[in-house]
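S.K.: Have a look at this one before I ask anything.
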Amino acid sequence: MSTRLSKSNTITLLSAETRTAIDRWLAKYPPEHKQSAVMGALSIVQEANGGWLTTELMDAIADYLEMPPIAVYEVATFYSMYELQPVGRHKLCVCTNVSCMLCGSEDIVAHLEKKLGVKLGETTSDNQFTLKEVECLGACGGAPMMQIGREYHENLTPAKVDEILTKLE
């Protein structure tokens, strides 16, 4: 039994704009290594879908890149930047790895949980914020830190977190 989508289903699920963006990633690799564009494709499709990936969209990516769907699922579930469930308008990714932990990330998480009224992995009832624990984001010198969208916020304190949240509201 094949899990491949028909070409028309892939085209329906992936807009022309999305396919064009994926094609820019494909141009970076030899044609026989289309699967190398999977991370770029996942990011593009996730952004186009409001910040998360469905199984159908991952299947469409697999079809477009001519690779097994399981290979796409493996990438999407391994990296913390991909979401398989809907997320809030602002995804607060708090690093809790060693450097951040030693510099107080547990206090930052506790402050965010109290302020937002959610636990790690949850989204506020107004869908504004999702609080997510992530592994090292490569900003150990600025620990504790968190990523919101494409921005890093370093040397966090509860007061600095409050300022950041106020700007996002």
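The values are calculated or read from the model by the stated rules, or taken from the named source; none is laboratory data. Predicted model, so just to flag it, every value in this text is computed and none were measured. Don't worry about glycine lacking a Cβ; one is built from the backbone with ideal geometry, like all the others, and counts go over all protein chains shown.
S.K.: In this structure, does E47 turn out to be surrounded by fewer than 17 Cβ atoms within 10 Å (Cβ to Cβ) and over 15 Å from G149 (Cβ atoms)?
M.R.: Answer is no for this residue.
S.K.: Criterion first (modelled with pLDDT of 95 or more and not hydrophobic (A, V, I, L, M, F, W, C)) does Y79 satisfy it?
M.R.: Against the criterion (modelled with pLDDT of 95 or more and not hydrophobic (A, V, I, L, M, F, W, C)), Y79 does not qualify.
S.K.: Taking the stated definitions as given, is Y64 in the same structural domain as P30 (by TED's automatic domain parsing) and without any contact (Cβ under 8 Å) to a residue 40 or more places away in the chain?
M.R.: Judged against the criteria, Y64 is not a match.
S.K.: Search the range 96-152 for residues being aliphatic (A, V, I, L, M) and assigned to a loop (DSSP other than H, G, I, E, B), and hand back the single one that is surrounded by the fewest Cβ atoms within 10 Å (Cβ to Cβ).
M.R.: L120
S.K.: Pick from T10, T18: which is buried (at least 16 other Cβ atoms within 10 Å of the Cβ), more than 23 Å from E113 (Cα to Cα), at pLDDT below 95 and of a type outside the set (D, E)?
M.R.: After applying the criteria, what remains is T10.
S.K.: Provide a single number: the residues in the range 53-95 that are part of a loop (DSSP other than H, G, I, E, B) and either among the aliphatic types (A, V, I, L, M) or within 11 Å of the chain's Cα centre (by Cα) (or both).
M.R.: The total comes to 11.
S.K.: Okay, next question. Does W25 qualify as being out of contact with any Leu (no Cβ under 8 Å at 6 or more places or on another chain) and of a type outside the set (S, T, N, Q)?
M.R.: yes
S.K.: From the list G149, G117, G121, exactly one residue is on the phi > 0 side of the Ramachandran plot, of a type outside the set (D, E, K, R) and touching a Lys or Arg at 6+ places or on another chain (Cβ under 7 Å). Which is it?
M.R.: Checking each option against the conditions leaves just G121.
S.K.: Quick check, is V161 assigned by TED's automatic domain parsing to the domain that holds E32 and either at pLDDT below 95 or surrounded by 18 or more Cβ atoms within 10 Å (Cβ to Cβ) (or both)?
M.R.: When the stated conditions are applied, V161 does not pass them.
S.K.: Something else about it: Looking at R24 and the list (1) buried (at least 17 other Cβ atoms within 10 Å of the Cβ); (2) modelled with pLDDT of 95 or more; (3) assigned to a helix (DSSP H, G or I), which single condition is not satisfied?
M.R.: Condition not satisfied by R24: (1).
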